[in-house]
Amino acid sequence: MGKYGAGPYEQGPNIASAAALPIGAGTYFVVTGTVTITSLGTRPAGDEITLQFSGALILTYNATTLILRGAVNYTTVAGDIITLVSEGSGNWREIARAAATTPVNSVAFPATQVASADANTQDDYEEGSWTPALTFGGAAAGMTFSDQAGRYTKVGNLVHAAGRLVLSAKGSSVGAAKLTGLPFTSANISAYYIPAALYLNGVSFADYPTAVLALNDTKLSLAENTNAGVETDLAETDFANTSVVSVTVVYRV
Amino acid sequence: MAITEKSVISKIEVLEDGQIQVQRANLVLRDNVEIAKEYHRHVLEPGQSTVAEDARVQAVASAVWTPAVIAARAAFLAAQS
């Protein structure tokens, strides 16, 4: 740990935020106010300082003078802490950051994914809800539900979605049955067809039912597969007015 | 102390073939400061009705879903089935 002025690990006076933030004696400072910071005062190369922010302000990234993680500006919230090391001549590089809004023992990802092409980088997390629905031949005329609920969790490029619907009227549309409404479009990968785990109640089928999500799609095709190996689409005639469909699928996006 | 709720379109993502992924954030606020948030997602196919969608989603769909985009997506889905 580098040191300066008042000695190692000593708190300096509070610093009012300013475009050019003056750095006095000490290694730990509370930065007050909300003025955007574009540069920091000069320290010998190797000195480290830690800044705690008492409000929301912007630290402006600069490739030479203020090198921040991710090469982007950083908007602080009260309580955020950042540690920087001097590279001399008024140039600083961030080496650590502790966001006040990140709970202990948690990892927070930005609301907007910063996608990484690296196969070993975790770049996204999101959880939420979706609304499963049903169509026959691509339509759902007169169809109503007594229950529709779905939850999803997205980790990196993998989505886990589970949902359940209960018909209260199957309506008048006819044709192949599809469960619709998945929260993300599946990856557009050649020959990417993902089977889903399925629970049916009040639905007739021969031997065993299947549900498959095709590439670049948000709909599960529902079918029946006989023991003889013949696959046929499930259709409106296989459903009752009170049929239940539950599904779980894990797929890439 | 006032607890309020608000629902906003928090993300509109346009995929290469014109599908639009919509993320809605349902927020719980205490004195206008967010204390809880839940997302809901759905995806729109090119050419699909947007009558029930947020005005911004409608505007994006209107800009993106040209006849060529709609036709290309329909052709892709037809080839899938």
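With respect to chain B, whose longest principal axis is taken over its alpha-carbon atoms, helix B:55-64 is tilted by about 20°. Residues whose amide H lies under 5 Å from that of A:SER129, counting only those 5 or more places away or on a different chain, are A:TYR152, B:TYR39, B:HIS40, B:ARG41; hydrogens are built 1.01 Å from N in the peptide plane.
Basic side chains Lys and Arg get +1 at the Cβ, acidic Asp and Glu get -1 at the Cβ, and with that the dipole of chain A about its Cα centre reaches some 440 debye.
Across segment A:238-247, rounded Karplus estimates of 3J(HN,Hα) from the backbone phi angles (6.51 cos²θ - 1.76 cosθ + 1.60, θ = phi - 60°) give 8, 9, 10, 6, 10, 4, 10, 10, 10, 8 Hz, Gly and Pro being marked x. Here segment A:51-155 is treated as an ellipsoid with the same Cα gyration tensor; its semi-axes, largest first and in whole Å, are 44, 16, 12. Using alpha carbons only, the radius of gyration of segment A:101-253 set against its Kirkwood radius gives Rg/Rh = 1.04. For the pair segment A:68-133 and segment A:32-52, the centres of their Cα atoms are 19 angstrom apart.
With the helix formula -39500 (n - 2.57) applied to DSSP H stretches of n ≥ 4, the protein assembly as shown reaches a computed 222 nm mean residue ellipticity of -2000 deg cm²/dmol. The 3J(HN,Hα) values that the Karplus relation (6.51, -1.76, 1.60; θ = phi - 60°) gives for segment A:183-198 are, in residue order, x, 9, 6, 5, 4, 8, 10, 3, 6, 8, 10, 10, x, 10, 7, 10 Hz. Gly and Pro appear as x. When the surface is traced with a 1.4 Å probe over the full set of protein chains, A:THR248 keeps roughly 50 Å² accessible. For the protein assembly as shown, DSSP calls about 85 percent of its internal beta bridges antiparallel. In this structure A:SER190 has an accessible area near 100 Å², from a 1.4 Å probe over the protein heavy atoms. Largest first, the extents of the alpha carbon coordinates of the protein assembly as shown on the three principal axes equal 82, 48, 40 Å. Across chain A, the mean sequence separation of Cα contacts (distance under 8 Å, 6 or more residues apart), normalised by length, yields a relative contact order of 12 percent. Taking a straight Cα-Cα cut-off under 18 Å and skipping sequence neighbours fewer than 8 places away in the same chain, the lysines within cross-link reach of B:LYS11 are A:LYS154, B:LYS37.
Whole-Hz Karplus values for segment B:66-80 come out as 6, x, 5, 5, 4, 5, 5, 5, 4, 5, 4, 5, 5, 5, 6 Hz, taken residue by residue from phi with 6.51 cos²θ - 1.76 cosθ + 1.60 and θ = phi - 60°; glycine and proline positions read x. Inter-part distance, segment A:134-209 to segment B:44-76, computed on C-alpha centroids, equals 22 Å. Residues whose amide H comes within less than 5 Å of that of A:ASP123, counting only those at least five positions distant or on another chain, are A:GLY156 (H built at 1.01 Å from N in the peptide plane). Our analysis of segment A:177-253 gives Rg over Rh at 0.98, with the two radii drawn from alpha carbon positions and Rh computed by the Kirkwood formula. Averaging the sequence gap over all C-alpha pairs within less than 8 Å and six or more residues apart, then dividing by the number of residues, gives segment B:10-66 a relative contact order of 29 percent.
Computed with every protein chain present, the accessible area of A:VAL247 is close to 10 Å² [probe 1.4 Å]. The average projected area of chain B, computed from the convex hull of its Cα atoms over all directions, is 6.3 nm².
The values are calculated or read from the model by the stated rules, or taken from the named source; none is laboratory data. Everything numeric here is computed off the predicted structure, so don't read it as measured data. All Cβ positions, even for glycine, are placed from backbone atoms using ideal geometry, and neighbour counts span all protein chains on display. The area values use the complete protein model at the heavy-atom level, side chains included, leaving out ligands, DNA and RNA. Shrake-Rupley method; radii C 1.70, N 1.55, O 1.52, S 1.80 Å.
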